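Here's the structure we're looking at; comments come further down.
The values are calculated or read from the model by the stated rules, or taken from the named source; none is laboratory data. Owing to the predicted nature of the structure, the values given are computational and were not obtained by experimental measurement. Because the Cβ atoms are built from the backbone with ideal geometry, glycine has one as well, and the counts that use them run over all protein chains shown.
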Amino acid sequence: MKVLVVGNGGREHALLWKLSQSPLVKELYCARGNAGTAELAQNVPIEPNQTRALADFAQREGIDFTVVGLESPLVAGIVDEFESRGLAIFGPNSQASQLEGSKAFAKEFMQKYSIPTAEFHTFDEPQRAKSFVKDFGVPVVVKADGLAAGKGVFVCRTYEEAYRAIDHLMVKKSMGQAGSKVIVEEFLEGEEVSYIVLLRGDRYVPLPTSQDHKRLLEGDQGPNTGGMGAYSPAPFVDERTEESIKTQIIDRLIKGLKTEGIEYTGFLYAGLMLTSSGPKVLEFNVRLGDPEAQAILMRLQGDFLETLLDFYRGKEVELKVDPRVSLCVVLASRGYPEKPEDGKEVHGLEKVRALEQVVLFHAGTVEKDRRVYTKGGRVLNVCAWGQTLQEARERAYGTVEKISFEGMYYRRDIGLRALKG
Ligand code: AMP
Ligand code: GLY
């Protein structure tokens, strides 16, 4: 089969790595990929958001199956475009992708279908948002309505911070249209986990659980990022918690989609806060998480392409999961997430290749004259397996020391919350 993966990041490299293990694969393509994906697939010079150009390419090349990694093409309607041409593609259509594409839509949906989430209000005028914050009190969370690659959310401990976040989004329009509407919501406390399922109509299969580290700095301080590291499984999700996630969140979501007449096929990611009054949804994403995907895919055994194809075609599937723990540390560029530096040569990659129980996924990298350079905020994902979380941590951090580029930054505390737990 010819398989195309859409996206440029560590998640897409991990998807290609997993799919490439399938004997069903004849050719792999990635649009547009990075220096790491180029080792497994043919990188195609089409941007992920050019949905029509991608469909033209898929038709021309006879691509049998496409898997979409990131959200923006899904929200832009890549699935609708492919399906209108009879091309098989794994991901939700543009209507269903509103669950991620508009936080206001997602929050109203959750409210309508009694899915536990933080109390919230939506505003399209900054003064109103501010006077609401003044009455509501702090801490409070200010969110851009539209897509912002995980960087449109501000957890505000003081009134000043909240007013600044509102101005940043609505007056300075630093996220463009994404911030023309904002959501102001109740601050939730607890352990944050990512619960991702394969969803098709009213059937779903949970993937292994994971925990991301969204903040830039150690100790969960600093601004939100796309994610600085992850591990799987998340021990905070015990059997009882998983049961509430299924009955109060996933089942209600499925019922809501059905009632609204929204068809859904693809990955569905519930970002959850495990609060003292049960799991509550922070956000829905219509794709795998990045870097959660890296940690999750490392633990899936068997032919994942076959699993996805069977699931897509409506067959029953069962996942086999590696009992080992996986852990992923993100190496980022200086300046991330605001203004990451580019063009720094990456050293040490060859030292990592032969290491056992270690795998390296590229994100913001490019190859030029057989050297690898940084391009973007999150550059590499150093991932390892271990019999225990401690072992996976030691192996991953031992590997990080072999790699360097100017301005390289990473968090040293990935997985520590679970160890302290
Ligand atoms: P979101 O994109 O909505 O998931 O928000 C990004 C991150 O901000 C989340 O992963 C949480 O770490 C944090 N966050 C979002 N909403 C809340 C909330 N209501 N209470 C506490 N933290 C939040
Ligand atoms: N790592 C968080 C996300 O992919 O949204």
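In summary, VAL67 fulfils each of the numbered conditions (1) within 16 Å of ligand 2 (Cβ to nearest atom); (2) in a helix (DSSP H, G or I); (3) out of contact with any Cys (no Cβ under 9 Å at 6 or more places or on another chain) with the single exception of condition (2).
Scanning segment 331-361 for residues that are among the aliphatic types (A, V, I, L, M) and either part of a loop (DSSP other than H, G, I, E, B) or loosely packed, with under 13 Cβ neighbours inside 10 Å (or both) returns VAL346, ALA354, LEU355.
In segment 292-338, what residues are over 19 Å from the mean Cα position of the chain (by Cα), among the acidic types (Asp, Glu) and within 19 Å of GLY226 (Cα to Cα)? Selection gives nothing. Would you confirm whether or not segment 9-24 contains a residue that is over 24 Å from GLU292 (Cβ atoms) and either assigned to a strand (DSSP E or B) or over 23 Å from the mean Cα position of the chain (by Cα) (or both)? So far as segment 9-24 goes, yes, one or more of its residues are over 24 Å from GLU292 (Cβ atoms) and either assigned to a strand (DSSP E or B) or over 23 Å from the mean Cα position of the chain (by Cα) (or both). As a summary of the residue check, GLU316 satisfies the conditions (1) within 16 Å of ligand 2 (Cβ to nearest atom); (2) free of Cβ contacts under 8 Å to residues at least 40 places away in the same chain except for the one numbered (1).
Highlighted here are the helices (runs of 4 or more DSSP H) found entirely within segment 90-199 that include at least 3 residues which are farther than 27 Å from ARG417 by Cβ, more than 16 Å from ligand 2 (Cβ to nearest atom) and without any contact (Cβ under 8 Å) to a residue 24 or more places away in the chain: 103-112, 126-136.
Within the option set ALA148, ALA162, ALA178, being of a type in the set (A, V, I, L, M, F, W, C), in contact with a helix residue (DSSP H, G or I) (Cβ under 9 Å, 6 or more places away or on another chain) and within 11 Å of ligand 1 (Cβ to nearest atom) holds for one residue only, ALA148.
Residue check: is GLU283 over 27 Å from LYS143 (Cα atoms), surrounded by fewer than 21 Cβ atoms within 10 Å (Cβ to Cβ) and in contact (Cβ under 8 Å) with a residue 12 or more places away in the chain? It is false that GLU283 is over 27 Å from LYS143 (Cα atoms), surrounded by fewer than 21 Cβ atoms within 10 Å (Cβ to Cβ) and in contact (Cβ under 8 Å) with a residue 12 or more places away in the chain. Looking at this structure, is LEU308 touching a helix residue (DSSP H, G or I) at 6+ places or on another chain (Cβ under 6 Å), at pLDDT 95 or above and either under 30 Å from TYR373 (Cα atoms) or buried (at least 18 other Cβ atoms within 10 Å of the Cβ) (or both)? Spelling it out, it is not the case that LEU308 is touching a helix residue (DSSP H, G or I) at 6+ places or on another chain (Cβ under 6 Å), at pLDDT 95 or above and either under 30 Å from TYR373 (Cα atoms) or buried (at least 18 other Cβ atoms within 10 Å of the Cβ) (or both). Across segment 394-421, the number of residues qualifying as part of a helix (DSSP H, G or I) and closer than 19 Å to LEU216 by Cα comes to 6. Would you confirm whether any residue within segment 277-287 is in contact with a Phe, Trp or Tyr (Cβ under 9 Å, 6 or more places away or on another chain) and away from ligand 2 (no atom under 11 Å from the Cβ)? For segment 277-287, residues in contact with a Phe, Trp or Tyr (Cβ under 9 Å, 6 or more places away or on another chain) and away from ligand 2 (no atom under 11 Å from the Cβ): present. Scanning segment 14-64 for residues that are charged (D, E, K, R) and touching a strand residue (DSSP E or B) at 6+ places or on another chain (Cβ under 9 Å), we see that the one that is farthest from VAL3 (Cα to Cα) is GLU47. Among the conditions (1) in contact with a helix residue (DSSP H, G or I) (Cβ under 6 Å, 6 or more places away or on another chain); (2) under 20 Å from GLU191 (Cβ atoms), VAL237 misses just one, which is (1).
Scanning segment 71-88 for residues that are among the hydrophobic types (A, V, I, L, M, F, W, C), surrounded by 18 or more Cβ atoms within 10 Å (Cβ to Cβ), touching a Leu at 6+ places or on another chain (Cβ under 9 Å) and in contact (Cβ under 8 Å) with a residue 40 or more places away in the chain gives VAL75, ILE78.
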